[in-house]
1. Name, by its number, the condition in (1) surrounded by fewer than 18 Cβ atoms within 10 Å (Cβ to Cβ); (2) without any contact (Cβ under 8 Å) to a residue 60 or more places away in the chain; (3) hydroxyl-bearing (Ser, Thr, Tyr) that does not hold for SER96.
2. I'd like to know if the range 65-87 contains one or more residues that are among the β-branched types (Val, Ile, Thr), in contact with a Gly (Cβ under 6 Å, 6 or more places away or on another chain), in a strand (DSSP E or B) and buried (at least 18 other Cβ atoms within 10 Å of the Cβ).
3. Look at GLY85 and say whether it is out of contact with any helix residue (DSSP H, G or I) (no Cβ under 9 Å at 6 or more places or on another chain) and at positive phi.
4. Restricting the search to the range 12-64, which residues are among the aromatic types (Phe, Trp, Tyr), buried (at least 18 other Cβ atoms within 10 Å of the Cβ) and not in a helix (DSSP H, G or I)?
5. Just for the range 99-108: of the residues that are within 13 Å of HIS131 (Cβ to Cβ) and hydrophobic (A, V, I, L, M, F, W, C), which one is surrounded by the fewest Cβ atoms within 10 Å (Cβ to Cβ)?
6. Being out of contact with any Asp or Glu (no Cβ under 7 Å at 6 or more places or on another chain) and small (Gly, Ala, Ser) is the filter here, so list the residues in the range 64-86 that pass it.
7. Mind checking which residues of the range 113-133 are in contact (Cβ under 8 Å) with a residue 12 or more places away in the chain and not in a loop (DSSP other than H, G, I, E, B)?
8. Here are some residues: ALA15, ALA56, ALA37. Which one is small (Gly, Ala, Ser) and either closer than 24 Å to ASP100 by Cβ or at pLDDT below 95 (or both)?
Amino acid sequence: MAAGATVHTFDFTLADVDRGVYEDLSLRVARHPSETADFMITRVLAFCLEREEGIAFSEGISTTDEPAVVVRDLTGRLVAWIEVGAPDAERLHRGSRAADRTAIYTHRDPAKLLASWEGKRIHQREELVLHSFDDGFIGAAAALVERRNVATVSVTERHLYLELNGTSLDSAIHDHPLT
(Lines give C-alpha, C1' and ligand atoms only; values in the text may rest on other atoms or scores of the structure.)
Protein backbone atom coordinates (compact mmCIF):
# COMPACT_ATOMS: atom_id res chain seq x y z
CA MET A 1 0.00 0.00 0.00
CA ALA A 2 1.35 3.43 -0.92
CA ALA A 3 2.52 5.75 1.85
CA GLY A 4 -0.11 8.38 2.59
CA ALA A 5 -2.78 6.45 0.73
CA THR A 6 -6.38 6.58 1.85
CA VAL A 7 -8.01 3.17 2.07
CA HIS A 8 -11.56 2.83 0.78
CA THR A 9 -13.59 -0.34 1.20
CA PHE A 10 -16.21 -1.43 -1.30
CA ASP A 11 -18.69 -4.21 -0.60
CA PHE A 12 -20.13 -5.12 -4.00
CA THR A 13 -22.82 -7.36 -5.27
CA LEU A 14 -21.84 -7.99 -8.88
CA ALA A 15 -24.32 -9.29 -11.46
CA ASP A 16 -22.80 -9.20 -14.93
CA VAL A 17 -25.52 -10.86 -17.01
CA ASP A 18 -23.53 -10.32 -20.23
CA ARG A 19 -20.65 -12.51 -19.00
CA GLY A 20 -22.50 -14.74 -16.51
CA VAL A 21 -20.54 -13.43 -13.51
CA TYR A 22 -22.45 -13.28 -10.22
CA GLU A 23 -20.44 -12.63 -7.10
CA ASP A 24 -20.20 -10.75 -3.83
CA LEU A 25 -16.91 -8.86 -3.57
CA SER A 26 -15.22 -7.01 -0.78
CA LEU A 27 -12.46 -4.73 -2.05
CA ARG A 28 -9.93 -2.64 -0.17
CA VAL A 29 -8.72 0.11 -2.47
CA ALA A 30 -5.72 2.26 -1.60
CA ARG A 31 -6.12 5.72 -3.14
CA HIS A 32 -2.79 7.46 -3.64
CA PRO A 33 -2.83 11.20 -2.75
CA SER A 34 -2.26 12.09 -6.41
CA GLU A 35 -5.08 9.82 -7.65
CA THR A 36 -8.34 11.57 -8.51
CA ALA A 37 -11.67 10.21 -7.32
CA ASP A 38 -12.68 9.81 -10.98
CA PHE A 39 -9.63 7.62 -11.67
CA MET A 40 -10.25 5.53 -8.56
CA ILE A 41 -13.93 4.82 -9.33
CA THR A 42 -13.01 3.98 -12.94
CA ARG A 43 -10.37 1.59 -11.61
CA VAL A 44 -12.92 -0.05 -9.29
CA LEU A 45 -15.49 -0.37 -12.08
CA ALA A 46 -12.87 -1.82 -14.44
CA PHE A 47 -12.11 -4.42 -11.76
CA CYS A 48 -15.80 -5.36 -11.58
CA LEU A 49 -16.34 -5.35 -15.36
CA GLU A 50 -13.26 -7.53 -15.93
CA ARG A 51 -13.81 -9.78 -12.90
CA GLU A 52 -12.34 -13.24 -13.34
CA GLU A 53 -10.15 -15.63 -11.39
CA GLY A 54 -6.70 -14.11 -10.71
CA ILE A 55 -7.71 -10.44 -11.02
CA ALA A 56 -5.99 -7.93 -8.71
CA PHE A 57 -5.15 -4.27 -8.38
CA SER A 58 -1.51 -3.49 -9.10
CA GLU A 59 0.65 -1.61 -6.61
CA GLY A 60 -0.93 1.62 -7.84
CA ILE A 61 0.13 4.86 -9.44
CA SER A 62 3.68 4.58 -8.09
CA THR A 63 4.25 1.38 -10.10
CA THR A 64 5.01 2.32 -13.68
CA ASP A 65 5.66 -1.18 -15.00
CA GLU A 66 2.14 -2.52 -14.36
CA PRO A 67 -1.35 -1.37 -15.31
CA ALA A 68 -4.02 -0.41 -12.76
CA VAL A 69 -5.54 -3.90 -12.83
CA VAL A 70 -3.90 -7.22 -13.73
CA VAL A 71 -5.07 -10.78 -14.21
CA ARG A 72 -2.58 -13.57 -13.56
CA ASP A 73 -3.06 -17.32 -13.87
CA LEU A 74 -2.09 -19.76 -11.12
CA THR A 75 1.52 -19.85 -12.35
CA GLY A 76 1.81 -16.04 -12.10
CA ARG A 77 1.76 -15.54 -15.87
CA LEU A 78 0.18 -12.24 -16.95
CA VAL A 79 -3.14 -13.01 -18.65
CA ALA A 80 -4.74 -9.53 -18.89
CA TRP A 81 -3.34 -6.00 -18.80
CA ILE A 82 -6.15 -3.59 -17.85
CA GLU A 83 -5.34 0.09 -18.15
CA VAL A 84 -7.33 2.92 -16.60
CA GLY A 85 -7.33 6.60 -17.51
CA ALA A 86 -5.24 7.91 -20.39
CA PRO A 87 -2.26 5.61 -20.99
CA ASP A 88 0.16 6.56 -23.75
CA ALA A 89 0.63 4.45 -26.87
CA GLU A 90 3.99 3.07 -25.71
CA ARG A 91 2.38 1.72 -22.53
CA LEU A 92 -0.43 0.08 -24.51
CA HIS A 93 2.12 -1.41 -26.90
CA ARG A 94 4.11 -2.87 -23.99
CA GLY A 95 0.99 -4.18 -22.23
CA SER A 96 -0.41 -5.76 -25.37
CA ARG A 97 2.89 -7.59 -25.92
CA ALA A 98 3.09 -8.75 -22.29
CA ALA A 99 -0.42 -10.15 -21.83
CA ASP A 100 -2.84 -12.33 -23.74
CA ARG A 101 -5.49 -9.62 -23.53
CA THR A 102 -5.48 -5.85 -23.03
CA ALA A 103 -8.41 -3.62 -22.06
CA ILE A 104 -8.62 0.13 -21.46
CA TYR A 105 -11.22 1.95 -19.33
CA THR A 106 -11.32 5.72 -19.26
CA HIS A 107 -13.04 8.57 -17.49
CA ARG A 108 -11.60 10.97 -20.08
CA ASP A 109 -12.84 12.04 -23.53
CA PRO A 110 -12.48 8.89 -25.65
CA ALA A 111 -12.17 10.85 -28.92
CA LYS A 112 -9.11 12.71 -27.60
CA LEU A 113 -7.51 9.47 -26.40
CA LEU A 114 -8.09 7.72 -29.70
CA ALA A 115 -6.63 10.72 -31.54
CA SER A 116 -3.54 10.68 -29.29
CA TRP A 117 -2.87 7.04 -30.29
CA GLU A 118 -3.43 7.57 -34.01
CA GLY A 119 -0.42 6.62 -36.10
CA LYS A 120 1.53 5.29 -33.12
CA ARG A 121 2.80 1.75 -32.80
CA ILE A 122 0.52 -0.38 -30.62
CA HIS A 123 0.92 -4.15 -30.68
CA GLN A 124 -2.25 -5.93 -31.85
CA ARG A 125 -4.09 -2.61 -32.16
CA GLU A 126 -6.94 -4.29 -34.03
CA GLU A 127 -7.78 -6.36 -30.92
CA LEU A 128 -7.83 -3.47 -28.44
CA VAL A 129 -10.97 -1.68 -27.31
CA LEU A 130 -11.28 1.51 -25.27
CA HIS A 131 -14.26 1.41 -22.89
CA SER A 132 -15.92 4.61 -21.71
CA PHE A 133 -19.11 5.70 -19.96
CA ASP A 134 -21.79 8.34 -20.48
CA ASP A 135 -20.74 11.95 -19.85
CA GLY A 136 -21.04 12.80 -16.17
CA PHE A 137 -21.46 9.21 -14.97
CA ILE A 138 -17.98 8.77 -13.50
CA GLY A 139 -18.03 12.21 -11.85
CA ALA A 140 -21.43 11.50 -10.28
CA ALA A 141 -20.23 8.11 -9.00
CA ALA A 142 -16.98 9.59 -7.67
CA ALA A 143 -18.94 12.21 -5.72
CA LEU A 144 -20.74 9.39 -3.85
CA VAL A 145 -17.58 7.57 -2.70
CA GLU A 146 -16.95 7.41 1.02
CA ARG A 147 -14.34 5.55 3.06
CA ARG A 148 -16.80 2.60 3.43
CA ASN A 149 -19.01 1.89 0.44
CA VAL A 150 -21.84 -0.50 -0.33
CA ALA A 151 -22.60 -1.03 -4.00
CA THR A 152 -24.46 -3.13 -6.50
CA VAL A 153 -23.09 -3.38 -10.02
CA SER A 154 -25.34 -4.89 -12.67
CA VAL A 155 -24.50 -5.20 -16.34
CA THR A 156 -26.91 -6.23 -19.03
CA GLU A 157 -26.64 -5.63 -22.78
CA ARG A 158 -23.56 -3.41 -22.23
CA HIS A 159 -25.46 -1.14 -19.86
CA LEU A 160 -24.11 -0.58 -16.35
CA TYR A 161 -26.43 -0.04 -13.40
CA LEU A 162 -24.67 1.15 -10.27
CA GLU A 163 -26.17 1.63 -6.85
CA LEU A 164 -23.55 3.24 -4.63
CA ASN A 165 -24.28 4.10 -1.01
CA GLY A 166 -28.03 4.24 -1.67
CA THR A 167 -27.92 6.29 -4.88
CA SER A 168 -28.68 4.76 -8.27
CA LEU A 169 -26.80 5.70 -11.44
CA ASP A 170 -26.60 4.10 -14.86
CA SER A 171 -24.57 4.40 -18.04
CA ALA A 172 -24.05 2.66 -21.31
CA ILE A 173 -20.63 1.05 -21.66
CA HIS A 174 -19.26 2.51 -24.88
CA ASP A 175 -16.77 0.41 -26.84
CA HIS A 176 -14.29 2.23 -29.10
CA PRO A 177 -12.08 -0.11 -31.19
CA LEU A 178 -8.57 1.25 -31.78
CA THR A 179 -8.61 0.23 -35.46
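The values are calculated or read from the model by the stated rules, or taken from the named source; none is laboratory data. Because the structure is predicted, anything quoted here is derived from the model rather than measured. Cβ atoms come from the backbone with ideal geometry, glycine included; neighbour counts cover every protein chain shown.
1. All conditions are met except number (1).
2. So in the range 65-87, the residues among the β-branched types (Val, Ile, Thr) come out as 69-71, 75, 79, 82, 84.
Remaining after also requiring in contact with a Gly (Cβ under 6 Å, 6 or more places away or on another chain): 71.
Now drop any that are not in a strand (DSSP E or B), which leaves 71.
Next cut, buried (at least 18 other Cβ atoms within 10 Å of the Cβ) only: 71.
Yes, because at least one residue in the range 65-87 is among the β-branched types (Val, Ile, Thr), in contact with a Gly (Cβ under 6 Å, 6 or more places away or on another chain), in a strand (DSSP E or B) and buried (at least 18 other Cβ atoms within 10 Å of the Cβ).
3. On the way: out of contact with any helix residue (DSSP H, G or I) (no Cβ under 9 Å at 6 or more places or on another chain): no; at positive phi: yes.
For GLY85, the condition - out of contact with any helix residue (DSSP H, G or I) (no Cβ under 9 Å at 6 or more places or on another chain) and at positive phi - is not met.
4. Residues of the range 12-64 that are among the aromatic types (Phe, Trp, Tyr), as a first pass: 12, 22, 39, 47, 57.
Add one more test, that the residue is buried (at least 18 other Cβ atoms within 10 Å of the Cβ), and what stays is 12, 39, 47, 57.
Listed by number, the residues that qualify are PHE12, PHE57.
5. The selected residue is ALA103.
6. In the first step, residues of the range 64-86 are kept if they are out of contact with any Asp or Glu (no Cβ under 7 Å at 6 or more places or on another chain); the result is 64-65, 70, 72-78, 81, 83-86.
Of everything in the range 64-86, those that are out of contact with any Asp or Glu (no Cβ under 7 Å at 6 or more places or on another chain) and small (Gly, Ala, Ser) turn out to be GLY76, GLY85, ALA86.
7. The first filter runs over the range 113-133 and keeps only residues in contact (Cβ under 8 Å) with a residue 12 or more places away in the chain, leaving 113-114, 116-117, 120-133.
Selection gives LEU113, LEU114, SER116, TRP117, ARG125, GLU126, GLU127, VAL129, LEU130, HIS131, SER132, PHE133.
8. Details: ALA15 fails: either closer than 24 Å to ASP100 by Cβ or at pLDDT below 95 (or both); ALA37 fails: either closer than 24 Å to ASP100 by Cβ or at pLDDT below 95 (or both).
Step by step, each of ALA15, ALA56, ALA37 is checked, and only ALA56 is small (Gly, Ala, Ser) and either closer than 24 Å to ASP100 by Cβ or at pLDDT below 95 (or both).
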